[in-house]
Amino acid sequence: MPVVNRIADLADEIASWRRDFHENPEIMYETVRTAAKVADLLRSFGLDEVVTGIGRTGVVGVIRGKNGGAGRVIGLRADMDALPIAEMTGLPYASKTPGKMHACGHDGHTSMLLGAAKYLAETRNFNGTAVVIFQPAEEGGAGAKAMIDDGLMTRWAIDEVYSLHNLPGLPVGEFAIRKGPIMAATDEFRITITGRGGHAAKPHETVDPIITGTQIVSALQTIASRAVNPLDSVVVSVTIFEAGTAFNVIPETATLRGTIRSLTDATRDLAEKRLNEIVNALCTAYGATAEIEFRRGYPVTANHDDQTDFAVSVAEEIAGPDRVQKETEPMMGGEDFSYMLLERPGAYIFAGNGDSASLHHPRYNFNDGLIPSGSSYFVRLVEKALAA
Ligand SMILES: [Zn+2]
Ligand SMILES: [Zn+2]
């Protein structure tokens, strides 16, 4: 079965919701208008239950199958939040809120899941229960975790969870997925080096934190090149180096900030350990001291084997077998659906956004052309997993 016919009929309506969300972006947990519209639409579709305020501004909708809902419970998740980016698309429905923009396509994810909910509530051609999950704050606020902490998985007895993200560069109508790690753990560090400031012409009387800092920046590269197995992946990037205020003064302190990305817990732990050792050892060697703040962000997004096979079978029904990449390369970006995959088995898949600007770019736009296949994917996951 290719795209579900009824979904194809709904595509224009789904696109109209998408454009409305696009025009009214809200960031982090501030997705109040978005959540209200989602909840209103879900109620208008006749869902069995619509609950707001899960994970602060998250929304959960319940659709029971034709058997009254007995049996397994499949969770489908979309993210609702936008980004603090000034939109440059020039679209007629471009953001009306200066400095905020749907630059990651969450407007599309939310709308496609709404379309799936409308279809599933109309047809109920399954035995069991579908739970549609709309989360805030995917972009750095761990909204998925907030919903879990509010009892999402237990309150609705969710058995498996699935999600989808659009992917620029992958043709529209195609899917890409892999078993195991598909998105990275995203950690953040801040190193404050304290030396002894003084006159630039009397360096021997100072402890120069800039020299120490540059040695640290170089030495941190050995985490990827010498500490981690070359067959594993890690990114160590120093992205901010701040020090000094005048050309003739050696400053007292220097600050380095950056990010570490990894695809396994072991690599993540090793990278953090090596960072601490390198910074402390080099500071000792140069007579400086260091304060290290290491903030763990999202964990690795790791797909479960059986659910990935199942997701592939659904995607292949919709797109055709040759349009589903089953062993796509993982990405070093982060994704807070990772928290849901730590709670329940499931899978996260990419759906092609075609030849568009990259995610988080001010000229990015979600491609409405992927609505039929993306929304059909959610629908068929439920109908196939809970076949009546
Ligand atoms: Zn994003
Ligand atoms: Zn995103």
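The values are calculated or read from the model by the stated rules, or taken from the named source; none is laboratory data. Fair warning: this is a prediction, and the values are worked out from it, not measured in the lab. No Cβ is skipped: glycine too gets one built from the backbone with ideal geometry, and neighbour counts run over all protein chains shown. Remember, those area values only see protein heavy atoms, side chains included, never the ligands or the DNA or RNA. Shrake-Rupley method; radii C 1.70, N 1.55, O 1.52, S 1.80 Å.
Estimated purely from DSSP H runs of n ≥ 4, each contributing -39500 (n - 2.57), the mean residue ellipticity at 222 nm for the chain is -11000 deg cm²/dmol once divided by its residues.
The Cα atoms of the stretch 1-56 cover 38, 29, 19 Å along the three principal axes, with the biggest extent listed first. Sorting Ser375, Ser237 on solvent-accessible area from highest to lowest, probe radius 1.4 Å, gives Ser237, Ser375.
Charges were assigned to the Cβ only: +1 to each Lys and Arg, -1 to each Asp and Glu. The resulting dipole of the chain about its Cα centre is roughly 200 debye. Measuring against 25 Å, Cα to Cα, the residue pairs Lys66/Lys145; Lys37/Lys118; Lys145/Lys326; Lys96/Lys118; Lys66/Lys179 contain Lys66/Lys145; Lys145/Lys326; Lys96/Lys118; Lys66/Lys179 as the ones spanning a longer distance.
Per atom type, the chain shows carbon and sulfur on 50% of its accessible surface, probed at 1.4 Å. How large is log10 of I(q)/I(0) for the stretch 59-152 at q = 0.18, 0.20, 0.21, 0.23 Å⁻¹ when the intensity is taken from the Debye formula with one equal scatterer per alpha-carbon? After summing over all Cα pairs, the log10 values are -0.85, -0.95, -1.00, -1.10. Here the Karplus curve 6.51 cos²θ - 1.76 cosθ + 1.60, taken at θ = phi - 60°, turns the phi angles of the stretch 207-218 into couplings of 10, 7, x, 6, 4, 4, x, 5, 5, 5, 4, 5 Hz, with x standing for Gly and Pro.
Across the stretch 75-155, the mean sequence separation of Cα contacts (distance under 8 Å, 6 or more residues apart), normalised by length, yields a relative contact order of 40 percent. The alpha carbon radius of gyration of the chain, expressed as a multiple of 2.2 N^0.38 Å, is 1.12. When the chain is treated as a Gaussian network with alpha carbon springs shorter than 10 Å, the biggest mean-square fluctuation among Val312, Val228, Val161 belongs to Val228. Here the mean projected area of the convex hull built on the C-alpha positions of the stretch 323-362 is 4.1 nm².
A viscosity of 1.306 mPa s and a temperature of 10 °C, combined with the Kirkwood radius over C-alpha pairs in the Stokes-Einstein formula, give the stretch 185-295 a diffusion coefficient of 110 µm²/s.
Peptides 181-189, 217-225 ranked from most to least packed, by the mean per-residue count of other Cβ atoms within 10 Å: 181-189, 217-225. Once divided by 2.2 N^0.38 Å, the Cα radius of gyration of the stretch 1-141 becomes 1.06.
Rounded to the nearest 20 debye, the dipole size of the stretch 218-314 about its Cα centre is 280 debye, using +1 on the Cβ of Lys and Arg and -1 on the Cβ of Asp and Glu. What the chain shows is 40 Å² of accessible area per residue, with the surface traced by a 1.4 Å probe over protein heavy atoms.
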